[in-house]
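For reference, the structure I am asking about is given below.
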Amino acid sequence: MRHAIRATLLLVVGHVGLATAAESSVSGTSIENAFRGAIQDRSSKTADEALFVEKCSMCHRQMGMGTVSLARRVPSERAMLEKRTDLTVDFVKVIARRGLTNMPRISRIEVDDAQLDRIARYLAKGNSP
């Protein structure tokens, strides 16, 4: 009996692994979710935006956990950080270093101070601190 269950599990796991590999694709600017067919935009037009994409977009672009979580608490137009016009450099830096609700704090090992300053300026779009 135990061998039959194990064989069934191996078959199911093997099938899921093959389906995932066959259905997913990766390119330089987008990653496709094999199970939903959804694609997250990973493109950038500037070096600062590219840094945001590298360090933050997995959570803070469309379909990211940070965007989805924010959309539950704020109007949907404010959930996407890049679309907001009310962020300041200082606010972004404080939230990144301290964390907020579901967002963990971002250490200086993960994103150093110079990188965080560039990301904060990108998101603040020139708003004063």
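The values are calculated or read from the model by the stated rules, or taken from the named source; none is laboratory data. Treat the numbers as computed from the prediction; the structure is a model and nothing was measured. Neighbour counts are summed over all protein chains in view; Cβ atoms, including those assigned to glycine, are modelled from backbone coordinates with ideal geometry.
Give me a count of the residues in segment 61-108 that are part of a loop (DSSP other than H, G, I, E, B), of a type in the set (A, V, I, L, M) and closer than 23 Å to residue 46 by Cα.
Count: 5.
Right, next: Could you run through segment 63-79 and say how many residues are within 16 Å of the chain's Cα centre (by Cα) and exposed (fewer than 14 other Cβ atoms within 10 Å of the Cβ)?
The number of residues fulfilling the criteria is 2.
Across segment 112-129, what is the number of residues that are in a loop (DSSP other than H, G, I, E, B) and modelled with pLDDT of 95 or more?
Matching residues across segment 112-129 total 1.
Could you grab the pairs with beta carbons closer than 9 Å, sequence gap of 6+ or different chains, first residue in segment 74-88 and under 21 Å from residue 53 (Cβ atoms), second one of a type in the set (A, V, I, L, M) and surrounded by fewer than 16 Cβ atoms within 10 Å (Cβ to Cβ)?
Listed pairs, sorted by first residue: 78/71; 79/68; 79/71; 80/71.
With surrounded by 12 or more Cβ atoms within 10 Å (Cβ to Cβ), modelled with pLDDT of 70 or more and over 13 Å from the mean Cα position of the chain (by Cα) as the only criterion, which of 96, 34 stands out?
Going through 96, 34 in turn, the sole match is 96.
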